[in-house]
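The values are calculated or read from the model by the stated rules, or taken from the named source; none is laboratory data. Please read all numbers here as calculations on a predicted model, not as lab measurements. Cβ placement follows ideal geometry from the backbone for every residue including glycine, while neighbour counts extend to all protein chains displayed.
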Amino acid sequence: MEDKWEDTLSEYPATTLALNKGKYYVLLTIPKDMRGFHSDRTQLKRSTGTSDLAAAKRLQHNITSKMYTYLDSAKPDPLQNVADILSITLDELYELSESNDLEGIIFGRMHMPLSGNDLEEDLAIEKLRNEGEEAWGALADATRKTVISTKGGMRISDAAEDFLATNPYEIHKTARDAVLAIDEFKTAVGDLPLTEVTAVMVHKYAETLGKNRARNTVQKKIGYVSRLMDHAIRKGWITSNILVGLRLGTKVGKAKESYRSFSRDELNTLFGLKMPDHLRLLFSILVTTGMRLDEAALLEWEDVKTEDGYRYFDLTGKDKRVKNIGSARMVPVPDVLNLPYGDEGNTGQMFPQFKRDKDGKAQGPASKVLMKLIRSNVTDDQSKVVHSLRGNLKDLMRDADVSKEVNDFITGHAQGDVASSYGSGPSLKVRAKAINSVKHPWLEPKKKI
């Protein structure tokens, strides 16, 4: 569908300055067709906070942009009608639009073939066809109604404020990372109107970041800026997102550094250290199950369950902070752990010593304590960290001739127990046999000579 931006561009009235009680105010007449959204008010008024005319004129642009944004916020979204016709939420519609699937879905609904054999089925298909045609027309109408509503263009800072006010990220850490990334971008290119941001600027920004950041970090930061641009499109401040399809130069950013597994001598040193029982248990779970640190640090005693005679850690609950749906899995409790049962008086958090953050994660404080032991007593090799224990188990299972499928399933690199439509993967019996085929001499009590 072709954009109709040029044919339908409209503008709000220009603002004026007026002196009132010693201060200059920015005045904006509300268009007649929008007064119903503003309690029938005819005018907006915002103070510049100054009695100096020159200073007031300098402030007028930003205040005007915010007033235009305020008017925009009261408008019903032109795409809401499309979402209603398709019986989906507006958020779902935007997700389809961002993945370039929306028009294809509508087009497919418009051209669904009739069966020719079942009258009731054909009537239902005909209804879907009509809805598709109605949605297609509504989408075209919404495109025509989308306008750029700011004179001179919405600046990055104001657009970011509006975007972040929608709380686009549920996870606190992700939201914080987005704020920092957008602020870094604004600092690098200047607080420009979004319409003046160019691909060249983005590439220069990426090259600057890439001097001391990993390539995937650069890509992630640009991704946050791209989400801001998508928001700006929906608000009608820009007509396209220049970051879509942008490819970084091959030399931008440092290559991802792979973690190395600990040597057997290093494992013996680590588990030979004197440490509190809860740290020894956590280290032991990591090296024998291949769990990610946060998965293990967030374990509850109630997560230790039994099925068909096999004990396992249940990471499939909705409250589990697993990395992705493929990580929601049941991990056998290795025999070498000799882990007590939950009904033996153990309840609640297995590791209450690690305070959970706003997102319910404990990786930060756990990593800090464990890494101090590793760096002080085992190795200063920067490629060997707590996560290396995960690699140790994968190596050990590989050496024990455990198949890649089972290996990946245990460590959460495959489709987990709630992710696949084709079964639940290897049985607990197979997983338990695999995980117990690995020997851990560093966990065995040292014999006295």
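Some points to look at:
- Any chance residue 49 is in contact with a strand residue (DSSP E or B) (Cβ under 7 Å, 6 or more places away or on another chain), surrounded by 12 or more Cβ atoms within 10 Å (Cβ to Cβ) and modelled with pLDDT of 80 or more: yes
- Test for residue 357: is it more than 18 Å from residue 286 (Cβ to Cβ) and either in a helix (DSSP H, G or I) or at pLDDT 90 or above (or both): no
- The listed residue being in the same structural domain as residue 289 (by TED's automatic domain parsing), aliphatic (A, V, I, L, M), crowded, with 20+ Cβ neighbours inside 10 Å and modelled with pLDDT under 95, out of 369, 402: 402
- Residues satisfying the stated conditions in the range 258-287, i.e. closer than 14 Å to residue 374 by Cα, among the small types (Gly, Ala, Ser) and under 30 Å from the mean Cα position of the chain (by Cα): 261
- Residue 288 satisfies every condition listed in (1) at pLDDT 90 or above; (2) part of a loop (DSSP other than H, G, I, E, B); (3) polar (S, T, N, Q) except (2).
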